[in-house]
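Asks: Could you have a look at this structure, given as structure tokens, before my questions?
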Amino acid sequence: MLNLDYDKMFKISILALKLNRSYPTIPKDKFWFCSIIPIHAYFSLSFYLILYSMFVHDLKNNDFAAACTNGILSVLYIAVTFKYVVLLVKAEDITFAMNKVKGDFAAAKHLCSDEQAITTEYAYKACWVTKVWLLTASSVFCVFPIQVIVLSIYNYAIGDFQFVHMYQMTFPEAIETRKYETNMYLFLLILQTYFGVYVLLMFAGFTPLGLIFMLHVCGRIEIVKYRISKLFEGEHYDPREIQQRLKNIVMPLQDVLDFVDLLKKTFRLVYEVYMKSTTIVIPIASYEVLQSLKEGRPSIEFMTFIVAGAVLCFAPCYYSDLLMEKGLSLRMSVYTSGWEAYPDSAMRRTLCIIMCRLERDVAIRTLFQTVNLDAFSELCHQSYALFNVINTAWS
């Protein structure tokens, strides 16, 4: 028997959002308010130190490489805070989308075996995407503590042991003069580790949500397409049977289109921010990698930033593009269903309405463009152009 459980399949995303208290169904009561203030305030302390290092020290001393490093970390803070705000403002819509997927999983038990197989296929694809994104986000975070451990062991081995900080920055004087003292070092290490874990939780929890919903819509479209292929099945034409089959097509299709409209409204600004921030982060990280190679030291942490940034934008572009293909394929399946062989005008009008409804692209949009592979290609071109500007200006 089919048993798809949303909470079990996507427990990674759910757990991550619950740990940082941003899960949409968590009651926003006094207890939540009193807990989130210290949680985010401690996170914001790292942001203050990053800005101090970047503006008070790095830019004044024309240390563009260090400014780039801290600039990327500040972008991460802004992105995480923005996502938190989205989860608060759009909590009702995101909760509705989650409940919609849960309801469709429960209703799938009553579908035929072929439709159950389609639902299962796309559910497990979404589960796989969630795990891949967790691996991607974790790889970025893990580079920093591994680097601390490796460099500490190396310094000890050569007889010149000293504490290695997770993020290299210049602190305010009261901290800078004591940053290699044991107590201060441990405080900064805990603070920087907290910053990384907080970023990891938000990216692992929030980022897969849009992909889960898009893949679920793809599965629902495949089910509608399957039903269209069975619309005129049978030896004898029975108008009542055709009308019932049409009803089982039109209602789920309307449901799917309404769900897509909800996703467009909910994630429009999110994916716009993804595209714009990644366009900035990738060329800066690429410049850092190039400079480190010139100095004879591989900058692994920034290589992971480049990969993670590319995946962050490629995944929604790819699955939104897939959604567009499914919509076009569905429209073509309606047109080629064989309706012209039957004289029922009511049936023809219904199919004509379906084709008209599918004229619009079934895809996610940002504020200015459709999220698809063409948009990702444009992002790559813009990032390359910005990298050339940075490299020319500062090399």
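Asks: Can you tell me which of Asn62, Asn372, Asn99 moves the most in a GNM of the chain? Springs connect C-alpha atoms under 10 Å apart.
Replies: Ranking Asn62, Asn372, Asn99 by mean-square fluctuation puts Asn62 first.
Asks: Let me ask you something else. With a probe of 1.4 Å, find how much accessible area the chain has per residue, and write the answer as a whole number in Å².
Replies: 50 Å²
Asks: In what sequence, largest accessible area first, do Glu115, Glu181 appear using a 1.4 Å probe?
Replies: Result of the area sort, largest leading: Glu181, Glu115.
Asks: Could I ask something else about it? For segment 6-394, what % of the accessible area comes from carbon and sulfur atoms, probe 1.4 Å?
Replies: Using a 1.4 Å probe with all protein chains present, segment 6-394 comes out at 64 percent carbon and sulfur.
Asks: Among Ser44, Val250, Phe368, which residue has its Cα furthest toward the positive end of the charge dipole of segment 6-394, with +1 on Lys/Arg Cβ and -1 on Asp/Glu Cβ?
Replies: The one lying farthest along the dipole's positive direction is Val250.
Asks: Rounded to whole Hz and in sequence order, give me ³J(HN,Hα) for segment 342-355 from the Karplus expression 6.51 cos²θ - 1.76 cosθ + 1.60, θ = phi - 60°, writing x for Gly and Pro.
Replies: Ordered by residue, 3J(HN,Hα) equals 10, x, 5, 5, 5, 5, 4, 4, 4, 5, 5, 5, 4, 5 Hz.
Asks: For the chain, find the longest principal axis of its Cα atoms and tell me its angle to the long axis of helix 182-229, 0 to 90°, nearest 10.
Replies: On a 0 to 90 degree scale, this one is about 10.
Asks: Then there's this: Against the longest alpha carbon principal axis of the chain, how many degrees, from 0 to 90 and to the nearest 10, is the axis of helix 373-394 turned?
Replies: For 373-394 against the chain, the angle is about 20 degrees.
Asks: Pairs of alpha-carbon atoms within less than 8 angstrom and 6+ residues apart define the contacts here; what relative contact order does the chain have, in percent?
Replies: It comes to 21 percent, rounded to a whole number.
Asks: Right, another one. If only Cα atoms are counted, what is the Rg of segment 112-210, and what is its Dmax, in Å?
Replies: So, for segment 112-210, Rg and Dmax equal 20.7, 70 Å respectively.
Asks: Hey, if we sort Val164, Val56 by accessible area with the 1.4 Å probe, largest down, what's the order?
Replies: Val56, Val164
Asks: A follow-up question, please. How many nm separate the modelled label positions at Val85 and Glu241, each set 7 Å beyond the Cα in the direction of the Cβ?
Replies: Placing both labels 7 Å along Cα→Cβ, they lie 5.8 nm apart.
Asks: What is the helix-to-structure angle for 30-51, meaning the angle in degrees between its Cα long axis and the longest Cα principal axis of the chain, kept from 0 to 90 and rounded to the nearest 10?
Replies: Taking Cα atoms only, the helix is inclined about 50 degrees.
Asks: Further question on the same structure: Probe 1.4 Å, all protein chains in place: accessible area of Arg227 in Å², nearest 10?
Replies: Surface open to solvent at Arg227 totals about 50 Å².
Asks: Here's a follow-up. Using a 1.4 angstrom probe with every protein chain in place, what is the largest-first accessible-area order of His381, His110, His165?
Replies: From most accessible down to least: His110, His381, His165.
Asks: Something else about it: So if R0 is 56 Å, what FRET efficiency would Lys265 and Ser152 give, r being the distance between their Cβ atoms, rounded to the nearest 0.05?
Replies: Taking R0 as 56 Å, the efficiency between Lys265 and Ser152 is 0.70.
Asks: For Ile26 and Leu2, calculate 0.36 nm times their separation in residues minus their Cα-Cα distance, and state this gained length in nm to one decimal.
Replies: 5.7 nm
Asks: May I pose another question? What accessible area, in Å² to the nearest ten, does a 1.4 Å probe give for Trp128?
Replies: Its heavy atoms expose roughly 150 Å² to the probe.
Asks: Working out 0.36 nm times the residue gap between Trp128 and Thr177, then minus their Cα-Cα distance, what length gain in nm do you get to one decimal?
Replies: Stretched out fully, the Trp128 to Thr177 stretch lengthens by 12.9 nm.
The values are calculated or read from the model by the stated rules, or taken from the named source; none is laboratory data. Since this is a predicted model, take the numbers as computed values, not measurements. Positions of Cβ are generated from backbone atoms using ideal geometry, with glycine treated the same way; all protein chains shown enter the neighbour counts. Surface accessibility is based on the protein's heavy atoms, side chains included, excluding ligands, DNA and RNA. Shrake-Rupley method; radii C 1.70, N 1.55, O 1.52, S 1.80 Å.
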